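Mind having a look at this structure? Questions to follow.
The values are calculated or read from the model by the stated rules, or taken from the named source; none is laboratory data. On a predicted model such as this, the values are computed, not experimentally measured, just so you know. Cβ coordinates were reconstructed from backbone atoms using ideal geometry, including for glycine residues, and neighbour counts include every protein chain displayed.
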Amino acid sequence: MTKKTQNDSVAPRYQRVVLKISGEGLGKPGNCGIDGEAIRRIAMEVISVRELGVEVAVVVGGGNFIRGSTVASESGIQEATAHYMGMLATVINALALQDVLEELGQPTRVQSSIAIHSACENFIRRRCIRHLEKGRVVILAAGTGRPFVTTDTAAALAAVEINADMLLKATKVDGVYTADPVKDKDAKLLASLSYNDVIDERLGVMDVSAVDMCQRNGVPIAVLNLMKPGNMKDAILGQDVGTMIND
Ligand code: UDP
């Protein structure tokens with residue numbers, strides 16, 4: 001049940017959340033690079049949640065520029081190097097999102113797991129939490145700072161590390177389906193799943209390591225479509241949106 005405040009407005013069920021956005025969500029569909037309109041749409045969603053008083057950290061991916069494993073296999077560049085290139089791509093996205101959020105009036109900081117002194121802060125856990133407490137959005141860039149994992153794992157790690165109440169994973173579709181909804185018109189949206197369902201059946205929603213980390217630390221994961229305005233806010237208010245992974 002959703003809690004009500006004294007003035008009968010709906011109170012958020014979650015006070016501090018981590019939002020994971022793939023690089024793809026920041027670009028034009030199928031294209032490399034960034035799309036100002038897509039970033040603006042995401043920024044508006046984030047701001048609508050901030051207006052509820054909810055603290056928001058955003059972990060951005062970099063797949064709209066580089067995915068380490070793809071670059072390595074196509075170019076012959078060492079895989080570890082390619083992963084560092086991927087992490088740098090996430091910083092590009094983070095700076096773009098920061099700019100748009102601030103233009104819309106939302107104070108924002110970028111913290112990177114790879115030190116880039118001239119462009120952003122380093123990730124410092126206590127400093128990140130302080131920013132959140134002050135109402136700033138914190139964009140966490142450069143994933144974990146280490147190769148061979150993805151920003152899904154970084155997002156789960158961040159959620160645990162900053163004591164977030166929920167991890168929101170933005171996807172292109174409405175949540176987790178029984179089959180790929182793009183290929184199979186009979187695919188059904190699953191309202192809820194256990195962590196074990198996702199891990200055992202390798203549903204591909206997120207990296208198994210990310211789901212495992214959330215399970216071990218009791219962080220629920222909401223998988224939802226951020227292209228639909230209001231979805232993120234509704235999930236934080238405890239309404240049925242997308243797929244909830246917990247238990
Ligand atoms: N990456 C990495 N370590 C991390 C996070 C990311 O090496 O902790 C690299 C990895 O090569 C990955 C790329 O950065 O492919 C971009 O991140 P990701 O694939 O998670 O982006 P998304 O698919 O979410 O856009």
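Would the stretch 140-149 turn up any residue that is outside any helix (DSSP H, G or I) and in contact with a Pro (Cβ under 9 Å, 6 or more places away or on another chain)?
Scanning the stretch 140-149, I find no residue that is outside any helix (DSSP H, G or I) and in contact with a Pro (Cβ under 9 Å, 6 or more places away or on another chain), so the answer is no.
Please go through (1) crowded, with 18+ Cβ neighbours inside 10 Å; (2) touching a residue at least 24 places away in the same chain (Cβ under 8 Å); (3) within 17 Å of the chain's Cα centre (by Cα); (4) not in a strand (DSSP E or B) for ARG41 and return the number of the only condition it doesn't satisfy.
(1)
Since ILE21 meets every condition but one in (1) closer than 26 Å to ARG109 by Cβ; (2) free of Cβ contacts under 8 Å to residues at least 60 places away in the same chain; (3) near the ligand (Cβ under 10 Å from one of its atoms), which condition does it not meet?
That leaves (2) as the condition not met.
Can you run down the residue pairs with Cβ atoms below 6 Å, 6 or more apart or on separate chains, where the first is in the stretch 163-179 and without any contact (Cβ under 8 Å) to a residue 40 or more places away in the chain and the partner is part of a loop (DSSP other than H, G, I, E, B)?
From the stretch 163-179, the pairs are TYR177/ALA187; THR178/ALA187; THR178/LYS188; ALA179/ALA187.
For GLY53, are the conditions met, namely being at pLDDT 95 or above, within 12 Å of the ligand (Cβ to nearest atom) and within 28 Å of LYS233 (Cβ to Cβ)?
no
I'd like the full set of residues that are hydroxyl-bearing (Ser, Thr, Tyr) and either over 23 Å from PRO107 (Cα atoms) or without any contact (Cβ under 8 Å) to a residue 12 or more places away in the chain (or both), limited to the stretch 44-83.
SER69, THR70, SER73, SER75, THR81
Go through the residues of the stretch 141-156 one by one and say whether even a single one is within 16 Å of the ligand (Cβ to nearest atom) and under 14 Å from ALA43 (Cβ atoms).
no
Within the stretch 30-53, can you find the residues that are under 23 Å from GLN15 (Cα atoms) and among the small types (Gly, Ala, Ser)?
ALA43, SER48, GLY53
Then there's this: Mind listing whichever residues of the stretch 174-188 are modelled with pLDDT of 90 or more and β-branched (Val, Ile, Thr)?
VAL176
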